[in-house]
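Down below is the structure, laid out as structure tokens.
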Amino acid sequence: MPVEVVGEEPGQAAVRKLLRSVFMKGLAAAAIEALSAAAAAGCEDWLREEIAGALTSADAALLERLETGSRRHAARRVHEVEDASALLRELGVEPRISEASAGWLTQLRDEGKNG
């Protein structure tokens, strides 16, 4: 079995595993929330294809756009995600990830005003 040494200090591999879990489990939660709402709205197949297409074509440039675009357009995106959360509630889906996204975007917006 291949082994990769990631550092001198004990626990560095565990830190990396948990940091990756933040992304992977968050991504899974976002997909489940969106697909649940899409099913309630009658367009689950469409959204499933949209998500698969985004994941299939993902590259470093997409990651850069997600990060810089979120910072640059945070103020507008706060409102968009708040509207999405309202839609999810109407569809009977608890907008846990959407509300967390609104919180992050609000912080990014506020940091941009002060920075």
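The values are calculated or read from the model by the stated rules, or taken from the named source; none is laboratory data. Only a predicted model underlies this, so the values are computations on that prediction, with no experimental measurement involved. Note that each Cβ is placed from the backbone with ideal geometry, even for glycine, and that neighbours are counted across all protein chains shown. Heavy atoms of the whole protein, side chains included, go into the accessibility calculation; ligands, DNA and RNA do not. Shrake-Rupley method; radii C 1.70, N 1.55, O 1.52, S 1.80 Å.
Observations on the structure shown:
- Rounded accessible area per residue of the chain, 1.4 Å, Å²: 76
- Long-range tail of P(r) for the stretch 1-50 (Cα pairs > 11 Å, %): 73
- Dipole magnitude for the chain: about 260 debye, using +1 per Lys or Arg Cβ and -1 per Asp or Glu Cβ, origin at the Cα centre.
- Solvent-accessible area, 1.4 Å probe, carbon plus sulfur percent, for the stretch 29-72: 59
- When the charge dipole of the stretch 31-71 is built from unit charges on Cβ atoms (+1 for Lys and Arg, -1 for Asp and Glu) and taken about the Cα centre, the candidate among L63, C43, A31 whose Cα reaches farthest toward its positive end is L63.
- A crude spin-label estimate for the pair E8 and L63, with each label 7 Å from Cα along the Cβ direction, gives 2.7 nm.
- Listed candidates (i) 16.4; (ii) 22.9; (iii) 18.7 - label of the one calculated as Kirkwood radius over Cα pairs in Å: (i)
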